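**Q** One structure, pasted below without further comment.
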């Protein structure tokens, strides 16, 4: 340690620390405008000038390293005089419109001037030079006013070091100096590759960067809550005025550590949208008409009672990955106790059902094994089946941060995604060849004797049979199936196996296949064969797509599981829940999402209750779903907007959004996080959990007399071993809990399978490559992949209400390789007709060099013009997940 004195106080500092960092450890405040975390000290604003005894001049505290015996003064007369001059120079060319400025109540610049930080009598210097530079308002979400910019470079640093997009730099010299994209491009120019994350806004100290939606009104309150979009679980601060969200800010620390994406920061218009459902609706004479809650409750009670009388197969329910844990818990409890059936499922069936099944078979627990916080510990990262920077942007940014810090990256994807630009090895595999990929990597590891025999012998079982199977393969055969160079496959295997720590990240590119469970088990095999499981900085890390899809699974919104994956087929588990709930529970084998749709079409399901789902967009084979719902006897839809599914509903109930209720979400890393109510719901909309309680009580069911979501969580904890130590009180005081959390004193579990696996020993499962059902032929010569894009979320119910997002990606498109397009005579932007054996849609051609020839990509967000009109086919026999990622199609131009 290094000993120095700051303002007469003895301070111990680590070697390499700066004076500013050392002062912070001693709670000595030194003002700064340009300092940004611990990245390459800037020293440009000069606000942190201090006197170092013996130095010939004042030094910048942010860039001067500490030295043994150093004596520092941070606030003497010389320092104050210098800082006054710095402020005077900065203020001389600053544009003052403080009362309408985005930073009017948080501006450090103005605070330093107003308080003068004990800078004696001079408290304001006034403006002596006006830049009059044009404002750049070309970006749909924010503006840049160079007249307020003090050239602190913080925006450059956040873009370079945290978002890792490298969009911004300085241009020109002297008074003309400005910050912006290279070649003086406007910020709204697509060629800049700006992703409109707004993280530069969060770091701007003067309001030079500001959101376009900002209204200069004082917030009546600021509420901390959780983002309602992807499964990362970013913490947000909502600024509220007059019951309206006026701004969303990021928060230091937590999962996202001050980072957000374009959706989390800007796409909150849906909360106050005039399109929100405000009253119950009942279909009369073919039209949905306003009704009272009493009328809607009476009709639902009548229809549900009649359906229950026909047996357990007559009732079914779709729960929601967008609702809270408490609401998902009550929904599955309602369907099982009031509806008397196990026919309850949700959209995890369409995205990560194979994760739950595959990892449970391999490890005994079907969830992400490690934590987002551990990415900085990973020496190698393998990404496959995940366009991470678009679907989980903050995790994608953290992966790029780690790669910039020296970690190796392997990317195996059918498309050239952004992370491929950062990869040491990029394997552009054919769609649907994931199992062959992982088998080839493991065969290469065995060939070079890079496996971890000690781990395999101590911690796993069935390796002998698995090894014998791999010996029947060759790397060349696996590489040929994948369409990649076998030497590149060997290089990737060597890279992954030889690093001390390493994590595997995957998402629906691995899971959404008829062999999705095999793909997931293959990731587990790869982690076990190298011993990269059960310790920090390692693991198999499935990235959950929606904000609470992990929690909905945890809460038992699955046909074969109660909470915490306690099986409905286990008599002891059933007896436990019967005692806890005071009812006799159903014993039927529950049906999955796709099976329930089939049962609706066949007239088996008489009563379908849908909470917060939009199957007319999210489910495969849209035409089949439409045909089924047209035959439905009775559908209840509980949602926030009139979605595509509402066209088939008999009763529509108005629900609330994340900002209008309390509760919890569980993010992709098993972290339980607290929502806090910020605004009141419009009209007569009610929280989903209150609607469920009201309906259950109207049916005379016991166990639904809750007064708060905290009470519901207490019941969850009482019946769920993995949530036993979770409570709202703990979360409210800041406990960061990841399940399993066995008791109230447990901190939770950052990574799983330490010492032993949940099932005891990890199991190697043989997975043979099976070609996808859909293969190109003369009628359908191309393969279509589906997925998400950065700007939109799921079925666009929420994101389509944000004008900036609609401006960027307001309509469907189909990505095509330019050479393929040339072969067919297609032009970019031309309207094309895409046809599969299951349907036809129209979309504009978007050229992408990063997609293989005769392969297409379409986002599924767009309803009747979305990709799910085309998808469908044989489901995974274990997880019952449909194949979304490989769909044979043909193309023609629209006349």
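**Q** For the chain, what proportion of DSSP beta bridges, expressed in % and rounded to the nearest 5, is antiparallel?
**A** Just about 60 percent of them are antiparallel.
**Q** What's the FRET efficiency of residue 471 with residue 777 using the Cβ-Cβ distance as r and R₀ = 41 Å, to the nearest 0.05?
**A** 0.75
**Q** Mind checking the full-extension length gain between residue 57 and residue 135? Use 0.36 nm per residue of separation minus the Cα-Cα distance, one decimal, nm.
**A** Value of the extension gain: 24.3 nm.
**Q** In whole Å and largest first, what semi-axes does the C-alpha gyration tensor of region 356-542 yield when each eigenvalue is scaled by 5 and square-rooted?
**A** Over the Cα atoms of region 356-542, the semi-axes work out to 22, 19, 16 Å.
**Q** Here's another thing I want to ask about it. Could you list 798, 521, 782 in order of exposure, starting from the residue whose Cβ has the fewest other Cβ atoms within 10 Å?
**A** Lowest count first: 782, 798, 521.
**Q** In 10 Å bins starting at 0, how do the alpha-carbon pair distances of region 153-280 split up by percent?
**A** 11, 38, 32, 15, 3, 0, 0
**Q** Give me the three principal axis extents of region 380-447 from the C-alpha atoms, as integers in angstrom, largest value leading.
**A** Extents along the principal axes: 33, 25, 15 Å.
**Q** Taking R0 as 45 Å, what's the FRET efficiency between residue 480 and residue 572 from their Cβ-Cβ distance, rounded to 0.05?
**A** 0.35
**Q** Hey, another quick one. Taking R0 as 30 Å, what's the FRET efficiency between residue 631 and residue 680 from their Cβ-Cβ distance, rounded to 0.05?
**A** So, using R0 = 30 Å, E works out to roughly 0.20.
**Q** By per-residue mean of other Cβ atoms within 10 Å, what is the highest-first order of 656-667, 60-71, 191-202?
**A** The peptides rank, most packed first, as 656-667, 191-202, 60-71.
**Q** Kindly rank 582-588, 628-634 from highest to lowest mean number of other beta carbons found within 10 Å of each residue.
**A** Top of the packing list down: 628-634, 582-588.
**Q** Also: Tell me, 878, 610 in order of fewest to most beta-carbon neighbours within 10 Å?
**A** 878, 610
**Q** What nm value, rounded to one decimal, do you get for the distance between residue 99 and residue 212 when each label is placed 7 Å out toward the C-beta?
**A** 2.7 nm
**Q** Relative to a virtual label point 7 Å from the Cα of residue 305 in the Cα→beta-carbon direction, which members of region 597-617 show backbone nitrogen distances below 17 Å?
**A** Only 607 pass the distance filter.
**Q** Calculate how steeply helix 293-308 sits against the longest principal axis of the alpha-carbon atoms of the chain, using the helix alpha-carbon long axis, and give the answer as 0 to 90 degrees to the nearest 10.
**A** Orientation of helix 293-308: about 40 degrees from the principal axis.
**Q** Take the alpha-carbon centre of region 670-741, take the same for region 484-505, and report the distance between them in whole Å.
**A** Region 670-741 and region 484-505 have Cα centres spaced 43 Å from each other.
**Q** What does a probe at residue 874 reach in region 509-527, counting residues whose amide N is under 20 Å from the point 7 Å along Cα→Cβ?
**A** 510-522
**Q** A follow-up question, please. Relative contact order of the chain, please, whole-number percent, based on alpha carbon pairs below 8 angstrom and at least 6 residues apart.
**A** For the chain, the relative contact order is 13 percent.
**Q** What distance in nm separates the two pseudo spin-label positions at residue 718 and residue 827, each 7 Å out from Cα along the beta-carbon direction?
**A** Each label point lies 7 Å from its Cα, and together they span 6.9 nm.
**Q** Within a 10 angstrom radius of the beta carbon, how do 81, 284, 736 rank from fewest other beta carbons to most?
**A** By the 10 Å Cβ count, ascending, the order reads 284, 81, 736.
**Q** If I model a spin label at residue 7 and residue 88 as a point 7 Å from the Cα along the Cα→Cβ vector, what separation in nanometres do I get?
**A** 2.4 nm
**Q** While we're looking at this one, here's another question. Quick check: the angle from helix 516-529's long axis to the longest principal axis of the chain, C-alpha only, nearest 10 degrees?
**A** 50 degrees
**Q** In addition: Relative to the first principal axis of the alpha-carbon coordinates of the chain, what is the inclination of helix 688-698, with its axis defined by its Cα atoms, in degrees from 0 to 90 and to the nearest 10?
**A** Approximately 40 degrees, to the nearest 10.
**Q** Follow-up question, since we're still on this one. How much mean residue ellipticity at 222 nm does the chain get from its helices, if each DSSP H run of length 4 or more adds -39500 (n - 2.57) and you divide by all residues, to the nearest 500 deg cm²/dmol?
**A** -8000 deg cm²/dmol
**Q** Within region 433-463, what residues put their amide N at less than 15 Å from the label point 7 Å along the Cα-to-Cβ vector of residue 742?
**A** none
**Q** If each Cα of region 691-829 is one equal point scatterer, what is log10 of I(q)/I(0) from the Debye formula at q = 0.10, 0.11, 0.17, 0.20 Å⁻¹?
**A** Listed by q, the Debye log ratios stand at -0.83, -0.92, -1.04, -1.15.
**Q** Please give the length that would be gained between residue 449 and residue 111 if that part of the chain were fully extended, namely 0.36 nm times their separation in residues minus their C-alpha to C-alpha distance (nm, one decimal).
**A** Roughly 115.4 nm would be gained on extension.
**Q** OK, next. Sort 226-232, 545-551 by the packing proxy (mean of other Cβ within 10 Å over each peptide's residues), most packed first.
**A** Sorting 226-232, 545-551 by mean packing, highest first, produces 545-551, 226-232.
**Q** Take region 526-656, compute every pairwise Cα distance, and split them into 10 Å bins from 0; I just need the percent in each bin.
**A** Per 10 Å bin, starting at zero, the Cα-Cα P(r) for region 526-656 comes out as 11, 29, 32, 20, 8, 1 percent.
**Q** Something else: Any idea how far the Cα center of region 260-335 sits from the one of region 539-554, in Å?
**A** So the separation of the two Cα centres works out to 23 Å.
**Q** In addition: How much of the pair distance distribution for region 777-888 lies past 19 Å, counting alpha-carbon pairs only, in percent?
**A** Every Cα pair in region 777-888 considered, those over 19 Å come to 46 percent.
**Q** Can you tell me the alpha carbon radius of gyration of the chain divided by the globular rule-of-thumb value 2.2 N^0.38 Å?
**A** So the chain has a normalised radius of gyration of 0.99.
**Q** What is the Cα centroid distance between region 423-472 and region 387-421, reported in whole angstrom?
**A** Computed from Cα coordinates, the inter-centre distance equals 22 Å.
Only the coordinates and a few stated rules stand behind these numbers; no lab work does. This one's a predicted model, so the numbers in the text were calculated from it and none came from an experiment. All Cβ positions, even for glycine, are placed from backbone atoms using ideal geometry, and neighbour counts span all protein chains on display.
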